[in-house]
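The values are calculated or read from the model by the stated rules, or taken from the named source; none is laboratory data. Quick caveat: nothing in here was measured; it's all calculated off a predicted structure. Heads up, the Cβs are rebuilt from the backbone with ideal geometry, glycines too, and the neighbour counts pull from every protein chain shown.
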Amino acid sequence: MRNNLSILRAAVVATVVLAVVCCGLYPLTVYALAQLAFPTQANGSLIRDDSGTVRGSALLGQHFTGAGYFHPRPSAAGAGYDALQSGGSNLGPTSQTLRNRIQTHLAAYRQENGLNETDAVPADAVTASGSGLDPHISPENARLQIERIAQDRHLTRVTVADLVENSIEPPQCRVLGEPRLNVLRLNLRLDRLPPSGQKE
């Protein structure tokens, strides 16, 4: 009987100690270290405008459709960039549905950006990412949208082109992935440009 009570007491003590360590001390330690070392990332990599209003996260794409904005890549997440329905289409390279979808995106992209039927279009302009929430586009994709945006905003092409080139982010750790542009950050910088591309 005493042996059973001893075992029970040890089990209860172990449970309490592990609960305090694993459910209390460890999460609090990780939280504190994250807030000290990586406060922006730990709080969702939020992007704010000049007034301090949160406009989104650097990690999640948004569905910009206006002619005066850079457009993101297509999204397969719900109706488009729905974080609750993140995911790809799961359509493979032999899928006729995928081919038809790409052709539709290709025709729409060329039309909205004033391109010819023979003009090359980067893959990220007509295909969705695996998550459907990719916040980035390639430099080539952004450059093909410059003319449309410059015309809609009455800016010089050089002004918009300079904005694009100055907004290109290098590969992660300088070696992982490709150069890219965050669409939300790019569009917020675009909104800060004064009309006609003149300095304030």
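Some values worked out for this structure:
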quantity	calculated
Selected residue (only one of 116, 141 is surrounded by 21 or more Cβ atoms within 10 Å (Cβ to Cβ) and in the same structural domain as residue 79 (by TED's automatic domain parsing))	141
Single condition residue 118 does not satisfy, out of (1) part of a loop (DSSP other than H, G, I, E, B); (2) within 19 Å of residue 73 (Cα to Cα)	(2)
Matching option when the condition is out of contact with any Asp or Glu (no Cβ under 7 Å at 6 or more places or on another chain), more than 23 Å from residue 63 (Cβ to Cβ) and assigned to a helix (DSSP H, G or I), among 191, 162	162
Only one of 133, 184 that is assigned to a helix (DSSP H, G or I) and under 14 Å from the mean Cα position of the chain (by Cα)	184
Residue that is farther than 21 Å from residue 189 by Cβ, of a type in the set (A, V, I, L, M, F, W, C), free of Cβ contacts under 8 Å to residues at least 24 places away in the same chain and in a loop (DSSP other than H, G, I, E, B), where the choices are 32, 79, 107	79
Failed condition for residue 189, given (1) more than 24 Å from residue 54 (Cβ to Cβ); (2) surrounded by fewer than 20 Cβ atoms within 10 Å (Cβ to Cβ)	(1)
Any pair with Cβ under 7 angstrom, 6 or more apart, that starts in region 149-177 at a residue that is among the basic types (Lys, Arg) and ends at one that is in a helix (DSSP H, G or I)	157/146; 157/147; 157/150
Condition check for residue 174: under 19 Å from residue 46 (Cα atoms), among the charged types (D, E, K, R), loosely packed, with under 13 Cβ neighbours inside 10 Å and at pLDDT below 95	no
Top-ranked residue in region 90-113 [being small (Gly, Ala, Ser) and within 29 Å of residue 146 (Cβ to Cβ); ranked as surrounded by the fewest Cβ atoms within 10 Å (Cβ to Cβ)]	107
In region 23-74, residue surrounded by the fewest Cβ atoms within 10 Å (Cβ to Cβ) [restricted to those that are at positive phi and under 16 Å from the mean Cα position of the chain (by Cα)]	44
